[in-house]
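Take a look at the structure set out below.
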Amino acid sequence: MSEPSAPKTSPGNFFEDFRLGQQIRHATPRTITLGDVALYNGLFGARFAVQSADTFAQKIGYPRSPLDDLLVFHMVFGKTVPDISLNAVANLGYADCRFLKPVYPGDTLNAVSEVIGLKENSNHKTGIVTVRSGGFNQDGDTVLDYARWVMVRKRDETAPASQEKVPELPKSVAASQLGAACPPIDAGAYDTALSGSPHRFGDYKAGEKIDHVDGVTVEEAEHATATRLYQNTARIHFNQFAESKGRFGRRLIYGGHAISLARALSFNGFGNAFHVAAINGGRHVAPLFAGLTVFAWSEVLATAELPGRKDVGALRLRTIATKDHPCADFPYKVHARAGRGPDPGVGDEYDPAVILDLDYWVLLPR
Amino acid sequence: MSEPSAPKTSPGNFFEDFRLGQQIRHATPRTITLGDVALYNGLFGARFAVQSADTFAQKIGYPRSPLDDLLVFHMVFGKTVPDISLNAVANLGYADCRFLKPVYPGDTLNAVSEVIGLKENSNHKTGIVTVRSGGFNQDGDTVLDYARWVMVRKRDETAPASQEKVPELPKSVAASQLGAACPPIDAGAYDTALSGSPHRFGDYKAGEKIDHVDGVTVEEAEHATATRLYQNTARIHFNQFAESKGRFGRRLIYGGHAISLARALSFNGFGNAFHVAAINGGRHVAPLFAGLTVFAWSEVLATAELPGRKDVGALRLRTIATKDHPCADFPYKVHARAGRGPDPGVGDEYDPAVILDLDYWVLLPR
Amino acid sequence: MSEPSAPKTSPGNFFEDFRLGQQIRHATPRTITLGDVALYNGLFGARFAVQSADTFAQKIGYPRSPLDDLLVFHMVFGKTVPDISLNAVANLGYADCRFLKPVYPGDTLNAVSEVIGLKENSNHKTGIVTVRSGGFNQDGDTVLDYARWVMVRKRDETAPASQEKVPELPKSVAASQLGAACPPIDAGAYDTALSGSPHRFGDYKAGEKIDHVDGVTVEEAEHATATRLYQNTARIHFNQFAESKGRFGRRLIYGGHAISLARALSFNGFGNAFHVAAINGGRHVAPLFAGLTVFAWSEVLATAELPGRKDVGALRLRTIATKDHPCADFPYKVHARAGRGPDPGVGDEYDPAVILDLDYWVLLPR
């Protein structure tokens, strides 16, 4: 007689499985190596000098090149998927994401989440789960902390509504909270010929819009390899047999893939924005599929000095990524094209080409 | 005048080139690095914690994360291809494959084979060559030892029959032979929250069947990259120009790719089966091609304690991989579906969806 | 009000932006790691034992496995693209390329170029820019030096003709200049069973032609990943949306990808040619696209002893790569097939299957 298989395989959590205040220690710890960095570089083509060359990093004060911040994000995020979003219908948003300590090759990351919000949808089929997730290194130091909310299926539509709470989350990370993951740097030793851009913090102004010009086409092998590298198990990215019968007829690309592509494209315009210090909010406006070409543009939403620091300054950016649509005309919302200010027409519909609307802080040398 | 090129390029060995007892030292020695591990992880998405995190491995008694056992297998196997199977018609089977010592990043592997069986086929066009191959590290220690048999073309159909011997090979590796590549571990320090599965050795029973649920679609770039990484030179995997005129009209995926995919899928059900200790036998039932989606299920054929060891126990598994066929109904042989015991209907035909039938031992913490 | 974006993004240099004698320090410094090596191996399947195994390298006198010479070339070349060839119409040729010092994992490379030739074309739309580029390690030692010339667009057709100079470049690197990047080796300790080929320097003769037999099909994900790994930003390789409207209707593969594929294929025939010492000249005869299969053959143009060295000897090779055309018939120029000597019919048209004509020096143990 065979045993039923259900108890041994993980079906993931459904909406009614979550409890407010619940703490979830996620599997799988991961030592991030130079090999991971190389594969990430091959997949995204990052060119920020601090992450590219130990010599450059050392000259300004790092012990060696730190990991790309988004690689850290994806590795931590990936760990949360089996517990939080295996049964998600949609990944709705991120908030209050702060990078708190640099991560170096050889460090091992773990992740823990706490359920901070629960709200059943009126259709009784799904509910919104909000978690605060932390990434920790081998010494127990928090390297990353963020909130995200996802729409998760109920196992049983008739299950009673669970506790309800809609957490308050900051619209943006305060400038005073930025910089923990950036050691004091010697901005004078930061060589802008080697870094590939002459523009330092002081050269940017709020309201400035920059088209990142280049486009990069995504292949199935690329996004699937990246997403497996992060040990992200969301099924919709890998299984063409199932997805061919699904909503889109094809594999959906992990939203973080678009974030990393947009970040790499943003080098052309923000070549010295060497550190992503925080993500204020992000929205995956539309799905991305293999064969499409990603473009991006950014707007400087604000500039900020960091309390007590003369070495670096922060730019708050909105980066918009599109599919099959070059960004010289700054596509954003349908009734809110370029030149109408930093936050026009909230509630307006996005231009159909837009796939990502990301609001984040980067640091540049002063 | 140009020289004839034949003497400088290797045509591989044909059936009549092999001699019983012949020893073959294979090219190419290979230092396996953290870079290889990262690429392997990106291609297969392994999640076993011992191989994923140095901290996890160290906590239970390893000096650091060992290499994935199948990566070791593929690297050793790859070395044998130019000498053994460049002119193979079919890779018929493996037997008595034992992992004998852990391999760590930075170790260098070599391979040596001995011809232990030869039998010409009655058509005089091909013959079966059986070799015993060993993988060695830089200290000369055997890390892997296995037998395999392949059907190899004759160069000349009229060549006289060579020596004939059909070697006896064990149907399975005895439990007493398992565990050499697994150091004594502290099973109490093995953290099942971090590893991603609560199920230890004692939680599994013979006869239990587990559907691994997930499916993963293979791309041409993925299998070709993996197979090149192993320096496996079998032409059928790489050359679409030639294969477009061949039997399948397309590149055939290295059989080991399916093994690694099935192993990665098996995490969902056997999350603590951190070590492949032996492969009793394996059969590539049908070819796999890019664009198809691989699923897998496993049956526990037996459970075994290891003599003198209280830290780990062994499960003998049959893992069946399929193409474009989810495994909730445990597809196996046409007249032998789920529930008829561990070895039903030998000689029956396989379900047409089945591509791999692998019989192997894994170790889990007790 | 938004600022104009042009000043912040780099449009690259146009023909009239270059000045004779101009020195350009290129971004982005790059620490090349074992991770890069692994990805390179996965993409090209190199099998030269010196680069594959630390133990093999150490036995003959290297401190450890050096990087593949072409990986060094691609990394240095990639750095020059944003400044030299972002607006190139065609990459016309290389000359006098010498590898001067071995590069090891962990070394950091920088690149500097000097403009040594300028010549406007008669159509006033483009001009030819010749640069001499150097690659330097973290100690400031030159590891690579080469000249290349590219046809670059003018920004403004009416801009006055700039200075004009056509530099003299050697047709080949003299044998006396070879070997700087190869430490003295113990040729007796070089194990030809492990290296995979019995043929040493003395076994080759000028005029000998070798078909490398195997073919390898290129996928979009593979060439794009390789080219991003080198931080090569030439747009034509990555942007299917733009290229679908362009001259070829598809992404063009970086010419260096064909060089690395041909080099890997050449192992079958030159398995002990462990070091590329110099590139005399190279021509990308026709474009390569994904889905095509690359084959290659080589002719030994000359053999040379190195002054003062008894350990290694040099072969000057012409390697021809083709697309979808096996090379048993040594395809080269339309009126100059195999057997007419080392340099037949200059000016004749290439066989339409030819994509690469590379003239270079390799070192083999004596």
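Annotations for the structure displayed:
- The single condition from (1) crowded, with 22+ Cβ neighbours inside 10 Å; (2) farther than 29 Å from C:SER195 by Cβ; (3) at the interface with another protein chain (Cβ under 10 Å from one of its Cβ atoms) that C:PRO7 fails is (1).
- Residues within region A:200-246 that are in contact with a Ser or Thr (Cβ under 8 Å, 6 or more places away or on another chain) and among the polar types (S, T, N, Q), tallied: 4
- Every residue from region A:162-184 that is in contact with a Leu (Cβ under 9 Å, 6 or more places away or on another chain) and not acidic (Asp, Glu): A:SER162, A:GLN163, A:LYS165, A:VAL166, A:SER172, A:ALA175, A:SER176, A:LEU178, A:GLY179, A:ALA180, A:ALA181, A:CYS182
Conditions (1) closer than 30 Å to C:GLY35 by Cβ; (2) within 14 Å of chain B (Cβ to nearest Cβ); (3) surrounded by fewer than 20 Cβ atoms within 10 Å (Cβ to Cβ); (4) free of Cβ contacts under 8 Å to residues at least 40 places away in the same chain, marked per residue:
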{"position": "A:PRO11", "(1), (2), (3), (4)": "no, yes, yes, no"}
{"position": "A:GLY21", "(1), (2), (3), (4)": "no, no, yes, no"}
{"position": "A:THR31", "(1), (2), (3), (4)": "yes, yes, no, no"}
{"position": "A:ASN41", "(1), (2), (3), (4)": "yes, yes, no, yes"}
{"position": "A:ASP54", "(1), (2), (3), (4)": "yes, no, no, yes"}
{"position": "A:PHE77", "(1), (2), (3), (4)": "yes, no, no, no"}
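- Residue in region A:93-110 that is within 17 Å of the chain's Cα centre (by Cα), surrounded by fewer than 23 Cβ atoms within 10 Å (Cβ to Cβ) and closer than 16 Å to A:VAL152 by Cα present: yes
- Among residues of region A:62-100, those that are in contact with a helix residue (DSSP H, G or I) (Cβ under 7 Å, 6 or more places away or on another chain) and of a type in the set (S, T, N, Q), counted: 2
- Qualifying residue in region C:196-207 (condition: over 28 Å from C:GLY282 (Cα atoms), in contact with a strand residue (DSSP E or B) (Cβ under 9 Å, 6 or more places away or on another chain) and at pLDDT 95 or above): no
- Test: residue in region B:195-212 that is away from chain A (no Cβ under 13 Å) and surrounded by 23 or more Cβ atoms within 10 Å (Cβ to Cβ): no
- Any chance B:GLY188 is under 30 Å from A:ASN13 (Cα atoms), modelled with pLDDT of 95 or more and either small (Gly, Ala, Ser) or in a helix (DSSP H, G or I) (or both): yes
- Restricting region A:43-52 to residues that are in a loop (DSSP other than H, G, I, E, B) and surrounded by 24 or more Cβ atoms within 10 Å (Cβ to Cβ) leaves a set whose member that is farthest from the other protein chains (Cβ to nearest Cβ) is A:PHE48.
- Of all residues in region A:270-282, one or more are modelled with pLDDT under 95 and within 30 Å of C:THR9 (Cβ to Cβ).
- Being surrounded by fewer than 18 Cβ atoms within 10 Å (Cβ to Cβ), out of contact with any Cys (no Cβ under 8 Å at 6 or more places or on another chain), at pLDDT 95 or above and away from chain B (no Cβ under 14 Å) is true of A:GLU114.
- Looking across B:PRO63, B:PRO29, B:PRO82, B:PRO105, one residue alone is over 14 Å from B:LEU144 (Cβ atoms) and in a helix (DSSP H, G or I). It is B:PRO82.
- On the stretch given as region C:138-186, residues that are more than 20 Å from C:SER113 (Cα to Cα) and surrounded by fewer than 18 Cβ atoms within 10 Å (Cβ to Cβ) total 15.
- Residue match in region C:301-314 (condition: farther than 17 Å from C:ALA278 by Cβ, out of contact with any helix residue (DSSP H, G or I) (no Cβ under 6 Å at 6 or more places or on another chain) and of a type in the set (A, V, I, L, M)): no
- Summed over region B:108-142, residues that are out of contact with any Pro (no Cβ under 9 Å at 6 or more places or on another chain) and outside any strand (DSSP E or B) total 9.
- Of the numbered criteria (1) charged (D, E, K, R); (2) farther than 30 Å from C:ASN232 by Cα; (3) touching a residue at least 24 places away in the same chain (Cβ under 8 Å); (4) touching a strand residue (DSSP E or B) at 6+ places or on another chain (Cβ under 9 Å), the one A:GLU243 fails is (3).
- Residue that is nearest to C:SER10 (Cα to Cα), among those in region A:85-102 that are in contact with a Pro (Cβ under 8 Å, 6 or more places away or on another chain) and part of a loop (DSSP other than H, G, I, E, B): A:PRO102
- Residues of region C:143-156 satisfying the condition of being in a strand (DSSP E or B) and among the charged types (D, E, K, R): C:ASP145, C:ARG148, C:ARG153
The values are calculated or read from the model by the stated rules, or taken from the named source; none is laboratory data. Please read all numbers here as calculations on a predicted model, not as lab measurements. Cβ: placed from backbone, ideal geometry, glycine included. Neighbour counts: every protein chain shown.
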